[in-house]
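Below is one structure, written out as structure tokens; the observations come after it.
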Amino acid sequence: MACVGLRLNRRRVLKGSAAALATVAAPAIIRAQGSALNVGVLLPRSGFEAAIGQDCQRGADIAPPILKSLGLPDLNLMNSDTESNVDTARARAEKLIGDGAQLLVGTFDSGQTAAVAQVAEQKGIPFVINIAAAPQITEQGYKFVFRNFPIASTILADAFANQKEIFSVVGDAPKTAVYMHVNDTFGTAMAKGIGAVMPKFDMPYQIVEEISYDPQARDLSIEVAKAKGANPEILIVTSRLNDSILITRELVKQRWTPKAIFSLGPGWYEDQYLKVLGKLSDGPMGFNPWQDPNKKLTPVLAAALAKAYPEINLNTNQVFTFEALMVAADAYKRAGSTDSKALADAIRTTNITDNVAIGGGIRFDAKGQNDVVHNGVTQNRGGKQVVLAPKAASNAKPEWPMKPYQDR
């Protein structure tokens, strides 16, 4: 009897072990059912890019309930601060993956994004870029890196096409311009891009002076004086937030109001820029990726942001952070798995048409680049932005030329 009991007990143990092994070995598609996807969100929430990073974070904060209302699965956001530093971004990406992140989103800044892309590719973890325009990021042959944001050359091509549309509407084409830009990864890419792209569009103006500067500079009086001295009709800028405020204050101090200010990049549309400068913030036009006010999901996102952050305007930062998370949730739903290769394969076949940004939706080419996202033109008006172009996404007409700063 003892031998029989021993055999029965042994059978139970073996049966239990087999069941346990079966559970461990079960496909990820089974284990993933009913669980949230762990998404590491990397943003510069401190350091010199803190204000923009925090603005992007708001887009992440409001995303989960909206995504759930769209029938997409839950996301567990693992937020991490890159501190506006490339080395920190790399280290935080590695830590997030070590802590269980199954997909990464970020980082706004091109230099930090390039560093995180290297980590993601090495670890085989999907990385969905929210904002970063340096072309080289998606030119490395990466298999796990995807960007839902236009590259610098696309931003410039759209900017020049949209500028011509504005000139046609206002019946005025400037002849001269000065280009001021930050000397970081993004600013340098944009400067090179202008040289390559602008000749293709037969623009009516010439860039008579190019001025680069450190985005962490605390005094831009010399640079603005140099720009003023070139006597251009328009000022074209690629800035960050702090320097856009410094430039505007110098324009006021030096009593120079260009006919127009064209911003190719962030800074000039930020809420902090609008709040700090008040009436002095009115007038600049932004030629950037933006939300389409005529798409049905745009007011949903705007309403969620207004409820959570009543004093904040919807802009690029929240829109593209939200959309990066939408890509993650959509891919997780279709993959039915947290397996990194399955997620990457699902992202590669993304086809989201009901989105927020201007353009044809969200899909990725062989390089992992969304090739149907496009720019719009906005103008600062009374602490908000209106959309001027393209016509299909517009809700206002241009105010041209800018009102002199001393008359405000």
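Here, each number is a calculation from the coordinates, and none is a lab measurement. All values reported here derive from a predicted model rather than from experimental measurement. Note: ideal-geometry Cβ built from the backbone for every residue, glycine included; neighbour counts use all protein chains shown.
The table that follows gives values for the structure above.
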{"quantity": "Value of [θ]222 nm, deg cm²/dmol, for the chain, DSSP H segments ≥ 4, -39500 (n - 2.57) each, nearest 500", "calculated": "-13500 deg cm²/dmol"}
{"quantity": "For Met285, Met180, order by how many other beta-carbon atoms lie within 10 Å, fewest first", "calculated": "Met180, Met285"}
{"quantity": "Virtual spin-label span in nm between Ala306 and Phe201, 7 Å along Cα→Cβ", "calculated": "3.2"}
{"quantity": "Against the rule of thumb 2.2 N^0.38 Å, how large the Cα Rg of the chain comes out", "calculated": "1.12"}
{"quantity": "Backbone N under 15 Å from the Val170 label point (7 Å along Cα→Cβ), restricted to the range 263-296", "calculated": "263-264, 282-287"}
{"quantity": "For the range 52-113, convex hull of alpha carbons as volume per residue, Å³", "calculated": "81"}
{"quantity": "Pairs of alpha carbons in the range 264-408 whose separation is greater than 26 Å (percent)", "calculated": "33"}
{"quantity": "Proximal aspartates and glutamates to Lys192, defined as alpha-carbon separation beneath 19 angstrom and excluding residues fewer than eight positions away on the same chain", "calculated": "Asp109, Glu139, Asp158, Asp184, Asp202, Glu209, Glu210, Asp214"}
{"quantity": "Residues Glu139, Glu49, Glu223 arranged by fewest to most Cβ contacts within 10 Å", "calculated": "Glu139, Glu223, Glu49"}
{"quantity": "Calculated diffusion of the range 214-283, Stokes-Einstein form, Kirkwood radius summed over Cα pairs, 20 °C and 1.002 mPa s, µm²/s", "calculated": "176"}
{"quantity": "Those lysines that a straight Cα-Cα span of less than 18 Å connects to Lys295, excepting residues fewer than 8 apart in one chain", "calculated": "Lys391"}
{"quantity": "The range 310-408: GluC sites (Glu not before Pro) in DSSP loop, at most 13 other beta carbons within 10 Å", "calculated": "Glu311"}
{"quantity": "Estimated inter-spin distance, Val372 and Lys259, nm [label 7 Å along Cα→Cβ]", "calculated": "3.8"}
{"quantity": "Distance in nm between pseudo-label sites at Lys391 and Thr353 (7 Å out along the Cβ direction from Cα)", "calculated": "2.3"}
{"quantity": "Radius, Kirkwood style, for the range 238-332 when every pair of distinct Cα atoms is counted (Å)", "calculated": "14.9"}
{"quantity": "Neighbour-count ranking [beta-carbon atoms within 10 angstrom, fewest first] of Ile166, Ile236", "calculated": "Ile166, Ile236"}
{"quantity": "Span from the the range 78-130 Cα centroid across to the the range 197-267 one, whole angstrom", "calculated": "32"}
{"quantity": "Evaluated at q = 0.26 Å⁻¹: base-10 log I(q)/I(0), Debye formula over Cα of the range 322-381", "calculated": "-1.09"}
{"quantity": "Reach of Lys275 by Cα under 13 Å, taken over aspartates and glutamates that are not fewer than 8 positions away in the same chain", "calculated": "Glu311"}
